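Okay, structure first, notes after.
The values are calculated or read from the model by the stated rules, or taken from the named source; none is laboratory data. On a predicted model such as this, the values are computed, not experimentally measured, just so you know. Reconstructed Cβ throughout: ideal geometry from the backbone, glycine too, with neighbour counts over all protein chains shown. For accessibility, only protein heavy atoms count, side chains too; no ligands or nucleic acids. Shrake-Rupley method; radii C 1.70, N 1.55, O 1.52, S 1.80 Å.
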Amino acid sequence: MLDRFFELTGRGTTVGREVRGGVTTFMAMAYIILLNPIILAGARDVTGAKLSIAQLTTSTALAAAVSTLLMAFVGNAPFGLAAGLGLNAVVAYQAAPYMTWAEAMGLVVLEGLVIIILAVTGLRALIMNAIPLALKHAISVGIGLFIALIGLVDAGFVARGTGTPVQLGATGHLTGWPVAVFCFGLLLMIVLYVRRTPAAILLSIAVTTVLAVAVNAVARIDPAAWGVVVPRVPASLISAPDFGLVGRFDVFGGFVRAGALTATVVLFTLVLSGFFDAMGTIIGVSDEAGLVDEQGRVPRLGRILTVDGVAGVIGGSVSASASTVFVESAAGVGEGARTGLASIATGALLGATLLFTPIAAVVPAAAAAPALVLVGALMMTQCRNVPWENMELAVPAFLTIALMPFTYSITNGVGAGVIVYTLIKAARGRFAEIPWLLWVVSAVFLAYFGIAGVEKLLS
């Protein structure tokens, strides 16, 4: 029954690989259950109100679990979904200063509804399929670099420099136990992976977490050095969830309080970021999983995109910000995940954190980050599919790849690649090779990159 429903044999996988992959995805993305509350609770709305971290933690876990399970049964794809980084920052620092939290979350619900409409009408799939195949491979490579950089930064291996944009470690050198634990975990993971050890990524995370807990217990380490999660044995295994934020949203109140222009700009930013971040992630992770066909198309794409939109609505309705497909799903794919069965494992574990939040708070970035670095390296292999000898494709592909890590945004990379591809084709008079949708998408991205100027002009 599992084989028929999830197409296990057809996708060359097994129940064991799917479960391992799903658990690995959970381990790689579980940090969001702690990080999202910190980001949202760190801001105040227009009335000065702050959200409760305990309630945000419950809402984040609830939205992630429900959205991921929907992806499992409707999309049959190995994707974990949770509150999107970047989207939560828009809510906290672009929307909340001008409206209440309920009104800001109402805009998130609207964002999800817009995404659903685009998906159901087929427009979103048409846009994704209009992207040239070479750029789709470039998106995969760019995401690989992006998540590798995320892992290196989260682990403290790379930091903001004093005389340079980035540097090695916080001081220009590798110092501190957390960095040492990360290096151990990364080397262990590489060794186990190249030796084809089953569950290499998951096993490495588990071993490194145990080491981190031991190091933290023996050495006197500043808790801030570990980042969001401090590895320590929890005092309690179970904590009661607090659903106080569920249902607290106002769909149209933001337009009244903040004004139509401000609310529209926020909504436009949410839709564009959510649309293309998810698009890039779906293409990149599906490509890495070998799920795309010769034209670069993803199976059940319409369903996957619809679930992504529904996830946005779910996130806003529980005040967790917009949920979307997580790029860390690539970690599970690297462990063998190919179907929605993996997402059942991920969703079940995310749901379990509603009761077992103390356990979810044990794995530090130093233990989980090596998975992102290794998977980033694996995704870089898609470089071989980009025709670098063809400058019409090579330049847009390069910009797509480079701008994702350099600007810390998947959307920026996709936007730059699409605009430059369209421009090069037009400059050479090859208008017939430019799908009409690419003209529209290019225009939207030009507005996106110049949104600050447009907002200032209209205000």
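So the values come out like this:
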item: Criterion: at pLDDT 90 or above and surrounded by 20 or more Cβ atoms within 10 Å (Cβ to Cβ) - qualifying residue of G21, G12; result: G21
item: Counted residues, region 87-133 - those being in contact (Cβ under 8 Å) with a residue 12 or more places away in the chain and not in a helix (DSSP H, G or I); result: 5
item: Flag if S52 is farther than 21 Å from I150 by Cα and either of a type in the set (D, E) or crowded, with 24+ Cβ neighbours inside 10 Å (or both); result: no
item: Candidate set from region 74-103 (those that are within 20 Å of the chain's Cα centre (by Cα) and of a type in the set (F, W, Y)); member that is most open to solvent (accessible area, probe 1.4 Å); result: Y93
item: Filter result (assigned to a helix (DSSP H, G or I), open to solvent by 100 Å² or more (accessible area, probe 1.4 Å) and either in contact (Cβ under 8 Å) with a residue 24 or more places away in the chain or not aromatic (F, W, Y) (or both)) within region 421-458; result: L423, A432, L446, K456, L457, L458
item: Flag if E335 is open to solvent by 10 Å² or more (accessible area, probe 1.4 Å), farther than 25 Å from A102 by Cα and among the acidic types (D, E); result: yes
item: Condition met for R124 (within 22 Å of the chain's Cα centre (by Cα), within 30 Å of P387 (Cβ to Cβ) and either open to solvent by 20 Å² or more (accessible area, probe 1.4 Å) or charged (D, E, K, R) (or both)); result: yes
item: Scope region 71-112; condition among the small types (G, A, S) and within 24 Å of V333 (Cα to Cα); matching residues; result: A72, G75, A77, G80, A82, A83, G84, G86
item: Among the residues listed as T171, T164, the single one being of a type in the set (S, T, N, Q), open to solvent by 60 Å² or more (accessible area, probe 1.4 Å) and either within 17 Å of the chain's Cα centre (by Cα) or within 28 Å of A397 (Cβ to Cβ) (or both); result: T164
item: Wholly enclosed helices (runs of 4 or more DSSP H) of region 8-86 bearing at least 2 residues touching a strand residue (DSSP E or B) at 6+ places or on another chain (Cβ under 8 Å); result: 32-41, 53-70
item: Every residue from region 348-394 that is touching a Ser or Thr at 6+ places or on another chain (Cβ under 7 Å) and among the hydroxyl-bearing types (S, T, Y); result: T357
item: Filtered residue count, region 350-368, keeping only those that are crowded, with 24+ Cβ neighbours inside 10 Å and not in a loop (DSSP other than H, G, I, E, B); result: 5
item: Breaking point among (1) open to solvent by 10 Å² or more (accessible area, probe 1.4 Å); (2) of a type in the set (S, T, Y); (3) under 14 Å from L354 (Cβ atoms), for T47; result: (3)
item: Residue in region 294-312 that is under 27 Å from D45 (Cα atoms), aliphatic (A, V, I, L, M) and touching a residue at least 40 places away in the same chain (Cβ under 8 Å) present; result: yes
item: Members of region 291-304 that are assigned to a helix (DSSP H, G or I) and either small (G, A, S) or under 16 Å from I131 (Cα atoms) (or both); result: L301, G302
item: Checking E288 against (1) open to solvent by less than 30 Å² (accessible area, probe 1.4 Å); (2) assigned to a helix (DSSP H, G or I), the condition it does not meet; result: (1)
item: Of residues in region 348-363 being within 17 Å of A82 (Cα to Cα) and of a type in the set (A, V, I, L, M, F, W, C), the one modelled with the lowest pLDDT; result: A360
item: From V265, V246, V233, residue being crowded, with 19+ Cβ neighbours inside 10 Å and in contact (Cβ under 8 Å) with a residue 60 or more places away in the chain; result: V265
item: I190 being in a helix (DSSP H, G or I), of a type outside the set (S, T, Y) and within 21 Å of the chain's Cα centre (by Cα); result: no
item: Residue tally, condition of a type in the set (A, V, I, L, M), at pLDDT 90 or above and in a helix (DSSP H, G or I), over region 306-347; result: 10
item: Within region 134-170, tally of residues that are over 20 Å from F275 (Cβ atoms) and either among the hydrophobic types (A, V, I, L, M, F, W, C) or part of a strand (DSSP E or B) (or both); result: 17
item: Odd one out for L70, checked against (1) surrounded by fewer than 20 Cβ atoms within 10 Å (Cβ to Cβ); (2) in contact (Cβ under 8 Å) with a residue 40 or more places away in the chain; result: (1)
